[in-house]
1. Quick one: how many residues across segment 1-47 are part of a helix (DSSP H, G or I) and not charged (D, E, K, R)?
2. Would a scan of segment 15-24 turn up a residue that is closer than 30 Å to T189 by Cβ and within 16 Å of the ligand (Cβ to nearest atom)?
3. So I158 ticks every box in (1) surrounded by fewer than 21 Cβ atoms within 10 Å (Cβ to Cβ); (2) of a type in the set (A, V, I, L, M, F, W, C); (3) in a helix (DSSP H, G or I) but one. Which box is left unticked?
4. Is there a residue being part of a loop (DSSP other than H, G, I, E, B), in contact (Cβ under 8 Å) with a residue 60 or more places away in the chain, over 15 Å from S161 (Cα atoms) and of a type outside the set (A, V, I, L, M, F, W, C) anywhere in segment 114-133?
5. Within segment 52-85, how many residues turn out to be within 9 Å of the ligand (Cβ to nearest atom), assigned to a loop (DSSP other than H, G, I, E, B) and of a type in the set (S, T, N, Q)?
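FYI, it's all coordinate maths here, none of it is from the lab. Keep in mind that this is a model prediction, so the values were computed, not measured. Quick reminder, even Gly has a Cβ in these numbers, built from the backbone with ideal geometry, and neighbours come from all protein chains shown.
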Amino acid sequence: MQNINEIEDLIKLISKLPGLGPKSAKRIVLKLINNREEIVKPLTKALAEVYKNISRCKICGTLKPTSIECSYNNCKIVEKKYDKICVVENLSDQWSIESSSIYKGYFHILGGTISTIGQKKEDLLINSLVERVKKDKIEEVILATSATVEGQTTAYYIQDSLKNCEVKITKLAQGLPVGGEIESLDDGTLFSAFKNRSNLNSNSE
Ligand SMILES: [Zn+2]
């Protein structure tokens, strides 16, 4: 292979994407350079637009146009008013739940779990969740973290953080397969996990 810095850099960048190693990255780069007008040009534009105009909300963690700022008592991302917040680990979980149409309400994306390597509690949007619950008219917080040790530890920590708020806290049903990550569940499993969610207030002191 010729040593062209620009191409080498591109291969390195693409191989950082999920599921792609250096070999697939090379195939992608070849496809790109053979399709300058059809792919490279519009892709460059699309990437620049996303970089410039789209970011994660610092309060609720969802994707939003950078120009819109949420406040604690006013989520500007969804136009309707809801009284429920569904707490998930990542954007991919939000997308799975949204596409299954099981749930209508606000989302709150933590940005990971407590014990994920290198992930500190302070990096997760837990304080802003508590603020949202206090300041918006929220009646139910649904904990939809994964059925992994990290997911459950995070759910427990959130439940504890919300103990002084007068809000119903529920958790997705135990029917979730152990180790089950929300994004990998089929719609049927998600539906029953939501429908049979358990109330955590009743068994807390
Ligand atoms: Zn927001």
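1. Taking segment 1-47 first, the residues part of a helix (DSSP H, G or I) are 5-14, 22-33, 36-47.
Now narrow it down to the ones that are not charged (D, E, K, R): 5, 7, 10-11, 13-14, 22, 24-25, 28-30, 32-33, 39-40, 42-44, 46-47.
Here the count works out to 21.
2. Taking segment 15-24 first, the residues closer than 30 Å to T189 by Cβ are 17-20.
Right, trim to within 16 Å of the ligand (Cβ to nearest atom) and you get none.
There is no residue in segment 15-24 that is closer than 30 Å to T189 by Cβ and within 16 Å of the ligand (Cβ to nearest atom).
3. (1)
4. We begin by selecting, within segment 114-133, every residue part of a loop (DSSP other than H, G, I, E, B); these are 114-120, 124-125.
Of the ones still in play, those that are also in contact (Cβ under 8 Å) with a residue 60 or more places away in the chain are 125.
Checking which are over 15 Å from S161 (Cα atoms) leaves us with none.
No; the residues of segment 114-133 include none that is part of a loop (DSSP other than H, G, I, E, B), in contact (Cβ under 8 Å) with a residue 60 or more places away in the chain, over 15 Å from S161 (Cα atoms) and of a type outside the set (A, V, I, L, M, F, W, C).
5. Residues flagged as within 9 Å of the ligand (Cβ to nearest atom), assigned to a loop (DSSP other than H, G, I, E, B) and of a type in the set (S, T, N, Q) within segment 52-85 amount to 1.
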